[in-house]
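The values are calculated or read from the model by the stated rules, or taken from the named source; none is laboratory data. Just so it is clear, the model here is predicted, and its values are computed rather than measured. Reconstructed Cβ throughout: ideal geometry from the backbone, glycine too, with neighbour counts over all protein chains shown.
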Amino acid sequence: MGKAERLIIYTLLAVLVVATFTDLGQTQAKDKPGEATFSKEINTKAIHLVGQNNKIRASFYLGVHDSPQLVLYDKEGTNRFNFGLAPAGNPGMSFNDNNGQETISFGDSYIYLFKEGGHSTYISGSHITLQGKGNALLIIEEGNLGTTIRSSHISLDGGAGYPSTSIWSSHISLDDKDGYARTFIGRDYITLNDEEHNTRAVLGSTDLKVPKTGTVIKRSPSSLVLFDKEGKVIWKAPPE
């Protein structure tokens, strides 16, 4: 074996030794105690977390049409929380009771509250519905028809160009499209007004002024008084 051949062999051996120690050092660096080696990506359809009782406590998976879903379960295995996307892409979230029945549901534009006995409340950007046992107890919506509820009164508003109704603790007002009361119901009387906003009839207790004397007479709740468009009394019962 000549010098040239020996030089080539020694060079190859040196390269092999260096490569071996380099690979060993990298392996030891990865396997240091207390350090874990992680993959940059995990490709899967579902991940399930299982508790000590072998029941699934959480699931992250692809549902219908590959829509992502996150579901959390209690220790009994009951679905208590859901979060994910619908097949159309809109997000949603819901909370369930210990029987797995929905109690609150959220969407990107609504809130749904459920109660025992079939009662529910639906709230969206322009709509509120209080639902009884299969029947809508109250609907509040934006548009030509709407209902407003406050602590002092309820307003049924038909919108611009439509009649409306206001209900207070002491009276009810049925208004025309311009917002003027056409029928006014008080505690002990009812007033009817014409399109010119003149009082034309009063059923029940009212005050009448005698033109000649200026005296104000209080009519009883059982009386009826009719007026002309000028406000003059044209008929009344009883007469006095």
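Among strands (runs of 3 or more DSSP E) lying entirely in the stretch 172-213, which contain 2 or more residues that are under 41 Å from the mean Cα position of the chain (by Cα)? Can you show your working first?
Numbers: elements: 172-175, 181-185, 189-193, 199-204, 207-209.
The qualifying strands (runs of 3 or more DSSP E) are 172-175, 181-185, 189-193.
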Give me the residue from the stretch 218-240 that is in a strand (DSSP E or B) and in contact with an Asp or Glu (Cβ under 7 Å, 6 or more places away or on another chain) and, out of that set, farthest from L192 (Cα to Cα).
K218
Checking the conditions here, which among F95, F106 is assigned to a strand (DSSP E or B), in contact with an Asp or Glu (Cβ under 9 Å, 6 or more places away or on another chain) and at pLDDT 75 or above?
F95
Of everything in the stretch 66-125, what is surrounded by 14 or more Cβ atoms within 10 Å (Cβ to Cβ), more than 17 Å from the chain's Cα centre (by Cα) and charged (D, E, K, R)? Give them in sequence order.
D74, R80
Tally of residues being of a type in the set (G, A, S) and in contact with a Gly (Cβ under 9 Å, 6 or more places away or on another chain) across the stretch 52-76
2
